[in-house]
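Here the structure comes first, spelled out in structure tokens, and everything after it is commentary.
Each value in this text was obtained by applying a stated rule to the coordinates, not by laboratory testing. Since we're looking at a predicted model, the values are computed, not measured. Cβ placement follows ideal geometry from the backbone for every residue including glycine, while neighbour counts extend to all protein chains displayed.
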Amino acid sequence: MNRKLLTVAVMCATSLSSMMSTAALADTIPPLPANPGAVIIDGMQDQCDNLAANHDTGNGDIWYGDIVLGAVTLVAGPTEVEGTRVIDLSSVVGIGPLHASDPYIAGAPFRVGGSVNLFGNQRASAAYYDDSTYNYTADFDSTYRHAFSCNIYHAVFHPESQQIGHYVIDPDANGNEENAILHECAAYNARGQHLPLPGYWGDSPHGNCIYIPGATVPESYDPPVLNGNEAGTPIDVDQTDLDVTAFEDHGGRFEVSGDLFIGQVVVCISPSNGPTAKKGVPGTWRPQNGYNGGDPVGPAAGCNTNYFNVAPWGSGSQTSNGTYISVPPAI
């Protein structure tokens, strides 16, 4: 894994001005699955049409399929598109200790409560963290699998048909008994209800009755009825999501420069004179942490008891608890 090398110019360790980066491992916010889109919907519909067509026997009935969208699952990615990362410089945070380059002590040493040491403010013009975190945006490529099924509908076809005719009383009939003629026509109609039709069927007039042809019924379809649901083959969709917000949790080395405050450190210490010294025997002042020791004699700033006795307090006071048994005698 390549890690980011972050270089930042800092003023008072807070103001960021520039950053360089290379590819790194990041925790991202996965893009949301996109709408299947017109092209994918067309592909799904083609499958539904084919599934419906498998039921068609050529008798005129209509079969068709409607798409039922299913689950969308991520099968690849998200993969960051190279060259699209934009780092939020204000969000960069160093991880771990700050390693100062050529640290130095700024200002005069000071005392802290009852400590027998002298302290100072350590500063540097350059430093770095071993690792970093930050927010960024980038484009991401992903592949999503779109599952679906098809509702199969069936509409029954009815071809054009001719309704059967019927006989009624002939208004010009010579019979005197209307009821008898009515029964005569009813008898004709009764015979006409059975195939084959009688030979006279359609003759008009016939006896005391005339024939009224049946109406023509145009072709028609029954309302579609759901026949069942059939699974389609899922379709994979490649997509690119733009300007996705993400978080980098291992951005790599993070360099800072400027007037950097590293921390408050011990700059003068008066240890005992080696491992064989007796307990309670005063030692010799020794500078450390980048302090040059100052003037060895007199009340000037430096690692000596004369200055220790007049040094200002960074915190606490002479009344703070402490023991000065290891402080060398004043010169």
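Arranged by the count of other C-beta atoms within 10 angstrom, fewest first, what order do L195, L118, L69 take? Please list the in-between numbers first.
Working: L195 5, L118 27, L69 13.
Starting with the residue having the fewest Cβ neighbours, the order is L195, L69, L118.
Which FRET efficiency, nearest 0.05, do N309 and T84 yield, Cβ-Cβ r, R0 56 Å? Write down the numbers at each step before the final one.
Numbers: r = 63 Å, r/R0 = 1.13.
The calculated FRET efficiency here is 0.30.
Using only alpha carbon pairs under 8 Å that are at least six residues apart, calculate the relative contact order of region 160-218 and give it in whole percent. Before the final figure, lay out the partial values.
Working: 76 pairs, mean separation 34.0, N = 59.
That works out to 58 percent.
Using modelled backbone amide H atoms (1.01 Å from N, in-plane), which distant-in-sequence or interchain residues come within less than 5 Å of S132's amide H?
I95, G251, G252
At a Förster distance of 56 Å, what's the computed FRET efficiency of I169 paired with D49, Cβ-Cβ distance as r, to 0.05?
On the way: r = 56 Å, r/R0 = 1.00.
Efficiency, from the Cβ-Cβ distance: 0.50.
Per 0.36 nm of contour for each residue apart, how much would the distance between H158 and D141 grow if the chain were fully extended, relative to their Cα-Cα spacing? Before the final figure, lay out the partial values.
Details: separation 17, 0.36 × 17 = 6.12 nm, distance 5.26 nm.
Difference between extended and current length: 0.9 nm.
Sort region 160-218 into rounded, prolate or oblate with this rule: let a ≥ b ≥ c be the square roots of the eigenvalues of the Cα gyration tensor; rounded if a/c is under 1.5, and if a/c is not under 1.5, prolate when a/b is larger than b/c, oblate otherwise.
Numbers: a/c = 2.47, a/b = 1.86, b/c = 1.33.
Here region 160-218 falls in the prolate category.
Explain nothing, just the number: relative contact order of region 70-156, from Cα pairs under 8 Å at least 6 residues apart, as a whole percent.
On the way: 136 pairs, mean separation 42.4, N = 87.
49 percent.
Can you work out the PRE-style zone for F247? Point 7 Å along Cα to Cβ, and I want the residues of region 120-137 with backbone N under 20 Å.
Hits in region 120-137 for F247 at 20 Å: 130-137.
For the residue pair E177 and S101, what label-to-label distance in nm results when each label sits 7 Å from Cα along the Cα-to-beta-carbon direction?
Label at E177, label at S101, 13.2 nm between them.
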